[in-house]
There are 2 protein chains.
Amino acid sequence: MGSEGSTVKERLLKSATEVFGEFGFKGATIREICRRAGVGISLVNYYFRDKEGLYLEVYRELFTGAIREYPPDMGLDENAVPEDRLSAFIRSFLYRMTMVGGRHSLIMRELLDPSPSLIRLHRELAMPLQKTLTEILTELLDPQCCEEDLGYCATSIIGQCMFYGPSTQRFRQRIFSLDSDEKIELVTSIITAFSLGGIRAINEKEHTKGVIHEA
Amino acid sequence: MGSEGSTVKERLLKSATEVFGEFGFKGATIREICRRAGVGISLVNYYFRDKEGLYLEVYRELFTGAIREYPPDMGLDENAVPEDRLSAFIRSFLYRMTMVGGRHSLIMRELLDPSPSLIRLHRELAMPLQKTLTEILTELLDPQCCEEDLGYCATSIIGQCMFYGPSTQRFRQRIFSLDSDEKIELVTSIITAFSLGGIRAINEKEHTKGVIHEA
DNA sequence: AGTTGTTTTAAACGCTTGTTTAAAACAACT
DNA sequence: AGTTGTTTTAAACAAGCGTTTAAAACAACT
């Protein structure tokens, strides 16, 4: 059952990643995690203090591992044009989501009812991503755009990406799932084009203040 | 404690809406729901068969109530220009989210681990929304755009809106929360402009097939 | 072989959950 | 007043949870 050939701690982390991904924090049980790891049920408390301690370590490992494999610049030169860097950012985001998610989703799942320590951890881990996107948008947006416009554009871009995540799979048709590298590339190009058009529109709006606005 | 002056069934529905919204389906307990309604704990099973029966009724009531109050056309004439109808659609979406959500979120919350009956119910309820957006996009997109492009644009728009929902509140800064009507109007205009720009970009891309694409 | 400290187990604890049961309270009608 | 059927309660049930405990297995070193 439990994959031998590695330490108990590693096996627990692996099975915990599976089980938390399938059932979420509340739905996952220590018993099932230990069953899949092939060990007794008290070892979680022995190695990770408690259930949340194990969860935090799984979360951190998944997050940093995904960023290590798909960094937000995707190895692109930092002097590349911002359009290409935006595309790389979106591509990396989509790859990380499908990598971490698989059929299920762990990251961006429990964020509905997160414990304070999880919020802190997530904020810490997501910091470099936010920084990268801000840098890209600073170059793409007109200098006269206010800081809030930048935030709204970032929100629109992240929102589009996240909606392709496994957590919202039930909403979409199967056609729009990221189930192959080709599909990821296609969605990357769509979101990139859509967003560049959106950014252009925001820039134009900034030029012609006084927008038509229906009641 | 429990607001008197209405039937037990109504009081249960009301407190269940609160508790499910705060803790989600799995986190909510029948005992807490009944405590807030001021009745014994067996009445949920008496009136609604079981916990899921109560949840489905709460979900349906919330969803249809929100659409009744903020219909996807916002009372706009159906001959209005598609730009305005898109704006109205986005506005209604945001209003429904904040209305249903409040501090917490019920709809679009348990969709991560939904029961089969909840999926069925949600699909049924969300149908008219999808239909409305499709109609709008049909007018906005070039006739030569394929059906998939329409789906991707719809996904981008819904994704942007949903990311302002209460479920992802922890991700954003407080500035980008929909905590007043003015903020909703502002976000509506941003998402509308951004999306119209995005749609225009998709239309243009369709004209000039053979897009630059970095490795 | 014996001691010491770590790792692992099996069993139990205490608590909470959704649901059921049997009886009590109530209302309506004869 | 008495019967009947519905509504409500309080208590109990069975199952599952995270965690703890005490003892067993193991390894390393003297």
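Residues that are away from every other protein chain (no Cβ under 11 Å) and open to solvent by 80 Å² or more (accessible area, probe 1.4 Å) occur in segment B:141-151; there is at least one. May I ask you to verify whether A:K205 is over 16 Å from B:C153 (Cα atoms) and in a helix (DSSP H, G or I)? It is true that A:K205 is over 16 Å from B:C153 (Cα atoms) and in a helix (DSSP H, G or I).
Of all residues in segment B:182-195 being out of contact with any Gly (no Cβ under 7 Å at 6 or more places or on another chain) and within 17 Å of A:L141 (Cα to Cα), which is surrounded by the fewest Cβ atoms within 10 Å (Cβ to Cβ)? That would be B:A193. For segment A:159-174, a residue qualifies if it is outside any helix (DSSP H, G or I), in contact with a Leu (Cβ under 8 Å, 6 or more places away or on another chain) and at pLDDT below 85, and the qualifying residues are A:R170, A:F171.
Within segment B:8-42, the set of residues being surrounded by fewer than 18 Cβ atoms within 10 Å (Cβ to Cβ), within 11 Å of DNA strand D (Cβ to nearest atom) and modelled with pLDDT of 95 or more comprises B:V8, B:K9, B:E10, B:R31, B:R35, B:G38, B:G40, B:I41, B:S42. Scanning segment B:22-50 for residues being more than 10 Å from DNA strand C (Cβ to nearest atom), more than 12 Å from B:R11 (Cα to Cα) and among the small types (G, A, S) gives a total of 1. Restricting attention to segment B:1-21, the residues that are within 14 Å of chain A (Cβ to nearest Cβ) and away from DNA strand C (no atom under 12 Å from the Cβ) add up to 1.
From the list A:G65, A:G53, exactly one residue is open to solvent by less than 50 Å² (accessible area, probe 1.4 Å) and within 16 Å of DNA strand C (Cβ to nearest atom). Which is it?
Exactly one residue qualifies, and that residue is A:G53.
The number of residues in segment B:143-158 that are at pLDDT 95 or above and not aliphatic (A, V, I, L, M) comes to 6.
The values are calculated or read from the model by the stated rules, or taken from the named source; none is laboratory data. Remember, it's a predicted structure, so these values are computed and weren't measured experimentally. A quick note on method: Cβ atoms are made from the backbone with ideal geometry, for glycine too, and the neighbour counts reach across all protein chains shown. We work out accessible area using only protein heavy atoms, side chains counted, and drop any ligands, DNA or RNA first. Shrake-Rupley method; radii C 1.70, N 1.55, O 1.52, S 1.80 Å.
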